[in-house]
Each structure stands twice: as structure tokens, then as C-alpha cells.
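**Student:** What follows is a single structure, and I will ask about it in a moment.
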There are 2 protein chains.
Amino acid sequence: MTKNTIPKYLTISKEIIQRIESGELEAGDKVPSENELIKTYNVSNTTARKSLLEVELKGWATRIKGKGTFVLNRSDDKHLTRVLGSFHNDLESFSNNLLKEGFTPRNIILEKTILENGISSNINGRYYIIDGPVLKIHRLRYADETLLKDETKYISMTCCPKINILDIEESLNKIYIDKYQLKLGEVQRTLGTTILLPKEPENYFDVEIPLAVFILDGAIYTIEGKIVEIEKSYYRGDKYKFSIKTKPELSKE
Amino acid sequence: MTKNTIPKYLTISKEIIQRIESGELEAGDKVPSENELIKTYNVSNTTARKSLLEVELKGWATRIKGKGTFVLNRSDDKHLTRVLGSFHNDLESFSNNLLKEGFTPRNIILEKTILENGISSNINGRYYIIDGPVLKIHRLRYADETLLKDETKYISMTCCPKINILDIEESLNKIYIDKYQLKLGEVQRTLGTTILLPKEPENYFDVEIPLAVFILDGAIYTIEGKIVEIEKSYYRGDKYKFSIKTKPELSKE
């Protein structure tokens, strides 16, 4: 039968692509590894490798050395999606998310200062105070040549002494947990939106037209209720979407 | 001592207001009832009533007949906040939220149609299909005289037969659960943002300037994975914020 002449690796890659198209595998998810394909489909490692290569060549995924093959962000409207409300996702760094989606992340530090007197911030009518010293980091975060996020974080140096000398390229949440052994509790975030005009001095997004941006205000607590970090960031609205899942089982009171 | 000349009801109202200012009591929360105040402070019902009246008079809360006194939305920037990611909050209707915040809700139905062939929708690159018949309801939702939300919902009439003849003023989620005995599973929502211009024909927000709006795409499933409802709505960005809490204990995998 002619059917049998379709190479096995194409059948496998097609199945993987269908899982991406159906949404079962989402942007940033790991696609099955070579070893998993070998077991699942009972094929040789050459076939498994060719299957993954095919998925990559068709533009659905990207391989990251030593880490695996990850689903690229291919939503029709070209928005990147960030998941909120899942701690699991919070452990992934901004740069790593972009890498998995096929971009080259780049950061420019605009400001890095130790505020000896701490700071207070009003998020949604509620006051948040971090006693000094506090590390302020203002970073512009690019994917390839596009500024995606204008991020300012205030980090408690009482919770995280000497965090100013650490490499903060990786997930800060991971640093809080692994390096400072903090037990993180609630993360509170608020999303607003506004229009940034091209001429505004605080508008670092290099766009000639008015831009809808998300304003993200966030506060991260330890389980003892101490504030570890306050964030105020702007995300380009034409590049980003935020997604939130609610599960009745978990959140019913 | 002069301290003792401060009337008891003022001390109590001050304590309640402090709980609101600190964020312990949030917009829409119920403040302690007369009976609770009588017990907690060991005061007469006149004093308890005067305490609540004082909180109300100072503009921090509003009384709703037969329901109690609720914290008003008084964030400095005058945004209303909606909590995402909590099923508990999903059970509250749009109108009821506004009532508790001191507004008069009002709805205009722009379209109410039964789509015999069902619909499909692309949310974030993922296709959602509801087989017909599907009830489409397009509603403009006002607080006092201001349009806050332009809401379109598609409801499966296989899951909810004859939902077109029901009063859908109350929470639809409650109707799905109480009236149709559906076991609701995941709720998937995506927030985008865009600029609506005054002249655009689909812009029902009666504003003379470009407006940043949230675009909310949502899908509600039964635990068996059937789609009950798809939503596509616009929220005024100058009136709304969305808030999301993440708790590591619940979401760690």
C-alpha cells in the first residue's frame, strides 16, 4: 500500500505538530525527547532525531543545546503569552522564556541603586513597604532588537543580602529560593493598561505611534508575610498577552 | 482623661477604616455586621449602627439592604479591580460586584441570537469549538451612566438547554452549576490590550479620545472537557485593573 511509503519520521513529526496545533503542547513546552520517541514509537534514534528536526524545520519548535526541543510561540496574532497565577511558571526567567520561543534575549540595565531608606509603593490602593536597604534595578528587556518589557524591581536586601553582586540573569524567584533559602508565599499582581505616546520621556519603547501597554504591579511575599520584591513593569501590548487558568477544585473556599 | 471622651462609635469606625486602608478589607468585602460589632466590642446596637453609618458617611463603604455593608472601591487611581484565577470570585455576577461597590448596574442587550451551527473561536492560537445550538449574547454593561464592559458570550445550549429563556442577570457560572448541574472544570482566560479609536464602528465606549482597553478571551469547561461558554469582552482600561494571586502551595507541581 502506498500509505506505508510515508517515512515513519514524517508520521511522528506530524503527530507532534498536531499536538501543538491542538494546544495540547503550548509555547515553551518541551516536546518529547529523542529517547521518549524511541520508546513510544519503537523507532531507531536516527528516526527519532529526524522527527524532531522536521518539527524544528517546519518552524514549530526550537532546540536548545543540552535542554531539549521547545514549542515556539506561533499564535496567529504573534503575541507572546505569559501565564499568571502559576508558581511553576514564575520560576522560569524572562530570558529563558524568550530563548525557548526562539528569540535572543538581551538586557540593558538603566539603573541599579541601593536605596538605604527603603521604598513604599501603592499597588491598587494598598500600601507596600520594604525597609531599607533595597536594591532597585531598572532593566530594559529585549527579544532580538525589540524592547518587550520595561522592568523595575525593588528587592529587599534584608531578605537577600548582597544580591547586588549576583548574576540576576536567571529567575529571581529561583535565586530567592535556592540562594537565600526564602520560603516564598503569596505573589500578588495587578494588570492595568494605558496608552504610551511616542514623545513621552519615560517611554523607552521605540515606536512612532501610540502604544497600548500593560502595567504590571507585583509584590512577592515570604510565607511569614515579609515583602521580598516589588515590581513595576510595562509590557508592550502589541506583543504580549497574559493568560490565567482557574481550577475550581483548587480555589474553592 | 480627655481620651475617654471620644465616642466609642468613632473608635470602632476608625478601626474598620484602618482595616480598609491597610488592605485587610478589600473592595467588595463585607465589613463586620452590627451583631458582630456588638459581640466584638461589647457595645449597644445603637453604637454598632452608628459605627457602620460613620464608615459609610466617610465614603468607605456602602450598605445594601438585607445584605450588609460592603467596602467601596477607593483605590487612588479610581480603577475597579477584578480578581482572576479564583473560582470563588467567578461566582459573583458583574452586576452584583458593581452594586457592592456603590454603582447602579445597567445592561443593554445588543444582540441575542441562537446560532444553530455553533461557533469556533481562536483564543491565543488555540481553536475552541462549540457545536450548535449556541446562544450568543452581546451585552453592554454600564455602571451608572458609564459603559465599562462590552461583553459577548457564546453559551452551549447542548449543555444549557433553553438558557435563552432564563434571567441571566445573576452570575452565569452560578446558573451553570445550580440550574444545569454542570460540574465546571477549568476556566481559561487571556488578557490582551489594544487602543480603540473614537471613530471605530465597533467602539461602543462613548469617549472622544483613544482608549486603552483590555480584551478578555475566555473559555469555561466542564470537568469532562466540554466547552460551556466562550467569552470575548472589552473592558475600559481607564476604569479597570485585573488582579491575580499566586500561591506556591496550591500550584506547585
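The values are calculated or read from the model by the stated rules, or taken from the named source; none is laboratory data. Computed from a predicted model, the values in this text were never measured in an experiment. Cβ sites come from the backbone with ideal geometry, for glycine too, and all protein chains shown count toward neighbours. Just so you know, the surface numbers come from the protein's heavy atoms only, side chains and all, with ligands and any DNA or RNA stripped out. Shrake-Rupley method; radii C 1.70, N 1.55, O 1.52, S 1.80 Å.
**Student:** Looking only at segment B:242-250, decide whether some residue is more than 10 Å from chain A (Cβ to nearest Cβ), among the hydroxyl-bearing types (Ser, Thr, Tyr), open to solvent by less than 20 Å² (accessible area, probe 1.4 Å) and within 18 Å of the chain's Cα centre (by Cα).
**Tutor:** No: zero hits.
**Student:** I need the full set of residues from segment B:128-145 which are buried (at least 19 other Cβ atoms within 10 Å of the Cβ) and of a type in the set (Val, Ile, Thr), in order please.
**Tutor:** Residues satisfying the conditions are B:Ile130, B:Val134, B:Ile137.
**Student:** Out of the residues in segment A:30-43 that are assigned to a loop (DSSP other than H, G, I, E, B) and exposed (fewer than 15 other Cβ atoms within 10 Å of the Cβ), which is farthest from the chain's Cα centre (by Cα)?
**Tutor:** My answer is A:Asn42.
**Student:** Right, another one. Quick check, is A:Lys67 in contact with a helix residue (DSSP H, G or I) (Cβ under 9 Å, 6 or more places away or on another chain) and either modelled with pLDDT under 80 or closer than 28 Å to A:Ile16 by Cβ (or both)?
**Tutor:** yes
**Student:** Could you check A:His88 against (1) in contact (Cβ under 8 Å) with a residue 40 or more places away in the chain; (2) within 29 Å of B:Ile215 (Cβ to Cβ) and say which number it fails?
**Tutor:** (1)
**Student:** Oh, and also: Quick check on my filter: what residues within segment B:165-179 are crowded, with 16+ Cβ neighbours inside 10 Å and out of contact with any helix residue (DSSP H, G or I) (no Cβ under 6 Å at 6 or more places or on another chain)?
**Tutor:** Hits for segment B:165-179 are B:Ile168, B:Glu170, B:Ser171, B:Leu172, B:Ile175, B:Tyr176.
**Student:** Here are A:Glu15, A:Glu21, A:Glu26: which of them is touching a residue at least 40 places away in the same chain (Cβ under 8 Å) and out of contact with any strand residue (DSSP E or B) (no Cβ under 6 Å at 6 or more places or on another chain)?
**Tutor:** Unique residue meeting the criteria: A:Glu26.
**Student:** Moving to a separate point now. Name the residue that is nearest to the other protein chains (Cβ to nearest Cβ), counting only residues in segment B:190-219 that are open to solvent by less than 30 Å² (accessible area, probe 1.4 Å) and in a loop (DSSP other than H, G, I, E, B).
**Tutor:** If we take residues in segment B:190-219 being open to solvent by less than 30 Å² (accessible area, probe 1.4 Å) and in a loop (DSSP other than H, G, I, E, B), then B:Val207 is nearest to the other protein chains (Cβ to nearest Cβ).
**Student:** Within segment B:18-29, take every residue that is assigned to a loop (DSSP other than H, G, I, E, B) and out of contact with any helix residue (DSSP H, G or I) (no Cβ under 7 Å at 6 or more places or on another chain) and give me the one that is nearest to B:Ile6 (Cα to Cα).
**Tutor:** Applying the filter and picking the extreme gives B:Ser22.
**Student:** Next question, about the same structure. Quickly run through segment A:124-162 and pick out the residues that are out of contact with any strand residue (DSSP E or B) (no Cβ under 7 Å at 6 or more places or on another chain), outside any strand (DSSP E or B) and either of a type in the set (A, V, I, L, M) or within 14 Å of another protein chain (Cβ to nearest Cβ) (or both).
**Tutor:** Once the filter is applied, which keeps residues that are out of contact with any strand residue (DSSP E or B) (no Cβ under 7 Å at 6 or more places or on another chain), outside any strand (DSSP E or B) and either of a type in the set (A, V, I, L, M) or within 14 Å of another protein chain (Cβ to nearest Cβ) (or both), segment A:124-162 yields only A:Gly125.
**Student:** Right, another one. Considering only segment B:191-202, how many residues are of a type outside the set (Asp, Glu) and at pLDDT below 90?
**Tutor:** 4
**Student:** Another question, then. Would you please name the residue that is nearest to A:Lys179 (Cα to Cα), looking only at residues in segment A:220-229 that are among the hydrophobic types (A, V, I, L, M, F, W, C) and assigned to a strand (DSSP E or B)?
**Tutor:** A:Val228
**Student:** If you don't mind, there's one more thing I want to ask. Could you count how many residues in segment B:2-48 are in contact with a Ser or Thr (Cβ under 6 Å, 6 or more places away or on another chain) and β-branched (Val, Ile, Thr)?
**Tutor:** Final tally of qualifying residues: 2.
**Student:** Being of a type in the set (A, V, I, L, M) and assigned to a helix (DSSP H, G or I) is the filter here, so list the residues in segment A:51-70 that pass it.
**Tutor:** Once the filter is applied, which keeps residues that are of a type in the set (A, V, I, L, M) and assigned to a helix (DSSP H, G or I), segment A:51-70 yields A:Leu52, A:Leu53, A:Val55, A:Leu57.
**Student:** Out of A:Leu115, A:Leu148, A:Leu135, I need the residue that is among the aliphatic types (A, V, I, L, M), modelled with pLDDT of 90 or more and more than 17 Å from A:Ala219 (Cβ to Cβ). Which one?
**Tutor:** Result of the check over A:Leu115, A:Leu148, A:Leu135: A:Leu148.
**Student:** Separate question: Only one residue in B:Glu224, B:Glu231 is within 14 Å of another protein chain (Cβ to nearest Cβ), in contact (Cβ under 8 Å) with a residue 40 or more places away in the chain and surrounded by fewer than 18 Cβ atoms within 10 Å (Cβ to Cβ). Which one?
**Tutor:** So the residue among B:Glu224, B:Glu231 that is within 14 Å of another protein chain (Cβ to nearest Cβ), in contact (Cβ under 8 Å) with a residue 40 or more places away in the chain and surrounded by fewer than 18 Cβ atoms within 10 Å (Cβ to Cβ) is B:Glu224.
**Student:** Out of all the residues in segment A:68-79, is one or more closer than 25 Å to A:Leu148 by Cα, basic (Lys, Arg) and more than 11 Å from every other protein chain (Cβ to nearest Cβ)?
**Tutor:** no
**Student:** So, one more: Taking only pairs six or more apart or across chains, which ones have beta-carbon atoms under 8 Å, a first residue in segment A:161-182 that is more than 18 Å from A:Asn97 (Cβ to Cβ), and a second residue that is among the polar types (S, T, N, Q)?
**Tutor:** A:Leu182/A:Thr222
**Student:** So, B:Thr113, is that one more than 27 Å from A:Tyr128 (Cα to Cα), open to solvent by 40 Å² or more (accessible area, probe 1.4 Å), in a strand (DSSP E or B) and among the hydroxyl-bearing types (Ser, Thr, Tyr) or not?
**Tutor:** For B:Thr113, the condition - more than 27 Å from A:Tyr128 (Cα to Cα), open to solvent by 40 Å² or more (accessible area, probe 1.4 Å), in a strand (DSSP E or B) and among the hydroxyl-bearing types (Ser, Thr, Tyr) - is met.
**Student:** Going by what's in this entry, would B:Ala27 be described as under 20 Å from B:Glu170 (Cα atoms) and either within 14 Å of another protein chain (Cβ to nearest Cβ) or surrounded by 13 or more Cβ atoms within 10 Å (Cβ to Cβ) (or both)?
**Tutor:** yes
Yes/no matrix, rows are residues, columns are (1) in contact (Cβ under 8 Å) with a residue 60 or more places away in the chain; (2) under 30 Å from B:Ala27 (Cβ atoms):
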residue: A:Asn97; (1), (2): yes, no
residue: A:Glu101; (1), (2): yes, no
residue: A:Thr104; (1), (2): no, no
residue: A:Ile108; (1), (2): no, no
residue: A:Lys112; (1), (2): no, no
residue: A:Tyr128; (1), (2): yes, yes
residue: A:Asp144; (1), (2): no, no
residue: A:Lys149; (1), (2): yes, yes
residue: A:Arg189; (1), (2): yes, yes
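**Student:** Does B:Tyr154 satisfy the condition of being open to solvent by 20 Å² or more (accessible area, probe 1.4 Å), aromatic (Phe, Trp, Tyr) and closer than 22 Å to A:Phe242 by Cα?
**Tutor:** So B:Tyr154 fits the description; yes.
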